[in-house]
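Computed from the coordinates by the stated procedures, all read-outs in this text should not be read as laboratory data. All values derive from a computational prediction rather than experimental measurement. Quick reminder, even Gly has a Cβ in these numbers, built from the backbone with ideal geometry, and neighbours come from all protein chains shown.
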Amino acid sequence: MVRCMRRPSAKWLWLLPPFLFGAAYFDQVNGFVGGPEARRASVGLAPNPATTSEPVVQVYAARAVRWRGYFGVHTWVAVKQRDADQFTIYEVNGWRLRRTGSAVSIDHRAPDARWFGNRPELLADKRGAGVDVLIARIEAAVASYPYADTYRVWPGPNSNTFVAHLLRAAPELRTDLPPTAIGKDYLGPAFVAWSPSGTGAQVNVLGVLGVLAGLEEGIEVNVLGLTFGVDPMDLSVKLPMAGNLGWPSGAAVAAE
């Protein structure tokens, strides 16, 4: 008697994309970096403040901690005043809210340090003339952040909501936050705002449904906090988990 082999079931195929994306980012998310010092080490994307007199503003993103890193990134803004000997880092952390009552963190760690082992990506870098004014506006935006007493991983407000708030105060940076920056589209009760890059506008309902169009961002659709889009300027598509796929131009360094 000839036995007929059963065809393999396709019901588990939906697990393949998350597995592939997880494998691609495994070295970042779990940080194949030895020791606590190495997991916070600078990766060489920031200038040495001891030898750089001009003012600097940089924007960074790195995969979030543990399982969250498969879905999203953590972002922060680093500034260095003219002639200052250190950077000031502005970011939002959920654990800081639980400990201090405010999610806003201001410290002087290395701006390009690994985020719990995950290598950061430089999203924007602007230096020189006119940056002093940008820093002043960013500092004012930090003070006016309306959700310092609230933190939600999804759909926001979170670290990416905070950075988007700061970027709207400094549109000269023209920063295109990645589609994996979940929470960047959370607008609270406002529903309408400029895009974080300042080159377009967006409409969004509590971070779970909306659209965005801008010269830097291209066209994005937000569904349940996940971003889908296309960026004609960079010839790339934007997808949840994967981020930008294509030929992104990278951060433009405007050192004047």
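General remarks:
- Under the condition of being closer than 15 Å to Tyr90 by Cβ and surrounded by fewer than 18 Cβ atoms within 10 Å (Cβ to Cβ), the residues counted in region 128-140 number 4.
- Scan of region 209-232 for residues that are of a type in the set (Gly, Ala, Ser) and closer than 15 Å to Ser197 by Cα, ordered by number: Ala213, Gly214, Gly218
- Here is the figure for region 186-240: residues that are of a type in the set (Phe, Trp, Tyr) and within 16 Å of the chain's Cα centre (by Cα) total 2.
- Within region 53-85, the set of residues being surrounded by 15 or more Cβ atoms within 10 Å (Cβ to Cβ), without any contact (Cβ under 8 Å) to a residue 60 or more places away in the chain and over 27 Å from Gly243 (Cβ atoms) comprises Lys80, Gln81, Ala84.
- Residue list for region 196-219, filter: buried (at least 17 other Cβ atoms within 10 Å of the Cβ), under 24 Å from Tyr151 (Cα atoms) and in contact (Cβ under 8 Å) with a residue 24 or more places away in the chain: Pro196, Ser197, Gly207, Gly210, Leu212
- Just one of the numbered conditions (1) surrounded by 21 or more Cβ atoms within 10 Å (Cβ to Cβ); (2) part of a strand (DSSP E or B) is not true of Ala193: (1).
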